[in-house]
Amino acid sequence: MLIGGFQKVSLIDYPGKMVAIVFTLGCNFNCPYCHNRELIFANKFPKDRLIDEKEIFNFLKRRKGLLEGVSITGGEPTLQPDLIDFISKIKEMGFLVKLDSNGTNPDVLEKLIKNKQVDYLAMDIKAPLRFKDYQKISKIKNEKLFEKVLKSVKLILNSGIDFEFRTSLTQGLLNKEDIIDIAKSIKSDKPYYLQNYINPQKEELDEEDKKRYNEFKPLSDEELNDLAEAVESVGQKCIIRN
């Protein structure tokens with residue numbers, strides 16, 4: 001596992017649970033507003049900042065009975081060839097596992113669901129589920145990769161486990177019709193989360209990335225509430241994350 005970050009405690013990443021967060025390296029999307037841009041290109045990540053798995057497992061051993069689970073995010077975790085083995089070790093220790101994904105590797109998701117190795121799945125929906133719309137946000141060029149996203153949506157909807165779909169919002173990228181379109185495509189009895197843009201303001205970012213982040217603006221409370229009402233008007237429960 002290529003691990004670029006480790007947060008020892010979070011009360012907000014896994015709804016209702018206290019978890020640790022593992023951040024993997026590498027992503028096959030290049031969304032301009034990505035909150036973890038430093039993790040996208042694994043080959044550019046400083047080797048002296050990589051985190052050894054042993055450090056994580058040693059920490060988890062000391063936190064048995066205190067922490068409830070581990071959230072694995074990225075980057076895109078399913079790009080890691082040893083992800084399933086990594087999750088197996090966590091499950092053997094008695095922890096819950098939440099996995100964040102962009103949905104480009106449904107085969108891995110299917111194995112994890114089938115083998116009951118994941119307890120909660122969170123999938124980012126970048127845009128209305130059409131290739132050209134998705135391409136604008138994620139910058140993917142391969143339509144076959146997008147077809148895998150569609151497969152993952154169906155897989156998660158029928159998984160029988162806890163899950164969430166969520167969409168990140170900034171000024172000027174998606175409009176109300178886009179959000180309604182997404183809501184109809186992922187409609188379920190689970191809440192659809194709308195995540196407002198937050199400028200990460202990380203010290204390690206270079207000037208180019210800082211400038212990039214500053215170009216994006218969050219939506220106002222009024223705009224967010226308007227979108228949430230639009231989602232709920234089509235029968236899909238919606239929750240705003242600011």
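The values are calculated or read from the model by the stated rules, or taken from the named source; none is laboratory data. Since we're looking at a predicted model, the values are computed, not measured. Here the Cβ is made from the backbone with ideal geometry for all residues, glycine too, and neighbour counts use every protein chain on show.
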> Considering region 38-77 alone, what residues qualify as being assigned to a helix (DSSP H, G or I), charged (D, E, K, R) and surrounded by 13 or more Cβ atoms within 10 Å (Cβ to Cβ)?
Replying inline: GLU38, GLU53
>> Restricting to region 78-90, count the residues that are within 24 Å of LYS64 (Cα to Cα), outside any loop (DSSP other than H, G, I, E, B) and touching a residue at least 40 places away in the same chain (Cβ under 8 Å).
In response: 2
> Does at least one position in region 15-34 carry a residue that is surrounded by 15 or more Cβ atoms within 10 Å (Cβ to Cβ), more than 14 Å from THR73 (Cα to Cα) and over 18 Å from the mean Cα position of the chain (by Cα)?
Replying inline: no
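So that you can scan it fast, the table gives a plain yes or no per residue for (1) surrounded by 15 or more Cβ atoms within 10 Å (Cβ to Cβ); (2) modelled with pLDDT of 95 or more; (3) over 25 Å from GLU110 (Cβ atoms); (4) among the basic types (Lys, Arg):
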position	(1), (2), (3), (4)
ASN142	no, no, no, no
VAL149	yes, yes, no, no
GLU164	yes, yes, no, no
GLU177	no, yes, yes, no
ASP206	no, no, yes, no
ASN214	no, no, yes, no
>> Please verify whether ILE125 is buried (at least 20 other Cβ atoms within 10 Å of the Cβ) and either out of contact with any Cys (no Cβ under 8 Å at 6 or more places or on another chain) or closer than 13 Å to ILE186 by Cβ (or both), treating the condition exactly as stated.
In response: yes
>> Please go through region 15-40 and give me each residue that is at pLDDT 95 or above and of a type in the set (Phe, Trp, Tyr), ordered by number.
In response: PHE23, PHE29
> Can you name every residue in region 91-112 that is part of a helix (DSSP H, G or I), over 14 Å from THR73 (Cα atoms), among the aliphatic types (A, V, I, L, M) and in contact with a strand residue (DSSP E or B) (Cβ under 8 Å, 6 or more places away or on another chain)?
Replying inline: LEU112
> So LEU83 clears everything in (1) under 20 Å from the mean Cα position of the chain (by Cα); (2) over 16 Å from ILE3 (Cβ atoms) except one condition, right? Which one?
Replying inline: (2)
>> For region 78-90, give me each residue that is over 22 Å from LYS61 (Cα atoms) and either surrounded by fewer than 20 Cβ atoms within 10 Å (Cβ to Cβ) or in contact with a strand residue (DSSP E or B) (Cβ under 7 Å, 6 or more places away or on another chain) (or both).
In response: THR78, GLN80, PRO81
> Out of (1) closer than 29 Å to LYS217 by Cα; (2) crowded, with 17+ Cβ neighbours inside 10 Å, the odd one out for VAL118 is which?
Replying inline: (1)
>> From the list ALA230, ALA127, exactly one residue is over 18 Å from the mean Cα position of the chain (by Cα) and of a type in the set (A, V, I, L, M). Which is it?
In response: ALA230
